[in-house]
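I have placed the structure first, in the form of structure tokens, so that the comments after it can refer back to it.
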Amino acid sequence: MALLPILCFPDPKLHTVARPVIAVDARIKSLIADMLETMYDAKGIGLAATQVDAHERLIVIDISEEHDEPLVIINPEVVWTSAETHLNEEGCLSVPGVYDGVTRFDAIKINAMDGEGKTRLIEADGLLAVCIQHEMDHLTGKVFVEYLSPMKRDRIKKKMLKALREDAR
Ligand code: K1U
Ligand code: ZN
């Protein structure tokens, strides 16, 4: 297993649209293991392949307290959304230190494959629903700061670029 570098906003590679996973083979299983290790190490509750510069429709999530309930989501498709929406505080491992409100569906149902390539219907609400919607956005090249006002987004972009410059020194 290996820790993978996480792309940081405003890296243009975060806007890449991911392609479907063709087969859940040894290469994808190895990527899943690396993504889980990377997510746990970064203390995140989710990670999309886009964030580690692997542009395939693959997400890992673990919202459990003990960090022992990994969920692997491959080629997700939303099949139902609730009428109700909610403003939730979100963070992102690709935008470290930034938290802000995004409106999401309260509950969703998705069709996806699991880490063994089996098709599953996942019914999610609460934090899991928020996290799946956030990670599915990554797969279409969208970062949560794009829901914020242009002024806020610009301030965040400048803050991230300053941090990157200081890290490079
Ligand atoms: O996509 C990512 O970068 C992972 C992201 C997932 C996420 C968190 C909160 C709301 C929506 C999506 C994170 O894990 S950021 C880490 C974090 O701030 C956090 C960790 C535990 C609970 C809540 C937030
Ligand atoms: Zn994110």
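Pull up segment 83-110, narrow it to residues that are farther than 21 Å from residue 12 by Cβ and of a type in the set (S, T, N, Q), then point me to the one that is farthest from ligand 2 (Cβ to nearest atom).
85
Report those strands (runs of 3 or more DSSP E) wholly inside segment 9-110 carrying at least 1 residues which are surrounded by 16 or more Cβ atoms within 10 Å (Cβ to Cβ) and within 12 Å of ligand 1 (Cβ to nearest atom).
Correct list: 46-48, 58-61, 85-90, 100-105.
What is the number of the single condition among (1) more than 16 Å from ligand 2 (Cβ to nearest atom); (2) assigned to a strand (DSSP E or B) that residue 1 does not meet?
Checking residue 1 against (1) more than 16 Å from ligand 2 (Cβ to nearest atom); (2) assigned to a strand (DSSP E or B), the one that fails is (2).
Would you check if there is a residue in segment 145-167 being of a type in the set (Val, Ile, Thr), surrounded by 14 or more Cβ atoms within 10 Å (Cβ to Cβ) and under 26 Å from residue 23 (Cβ atoms)?
no
Across segment 13-38, what is the total count of residues that are out of contact with any Asp or Glu (no Cβ under 7 Å at 6 or more places or on another chain) and under 16 Å from residue 71 (Cα atoms)?
Summing the residues that are out of contact with any Asp or Glu (no Cβ under 7 Å at 6 or more places or on another chain) and under 16 Å from residue 71 (Cα atoms) in segment 13-38 gives 11.
Throughout, read-outs are computed from the coordinates displayed, never taken from laboratory work. Note that this is a predicted model, so its numbers are computed, not measured. Glycine also receives a Cβ, built like all others from the backbone with ideal geometry; neighbour counts cover every protein chain displayed.
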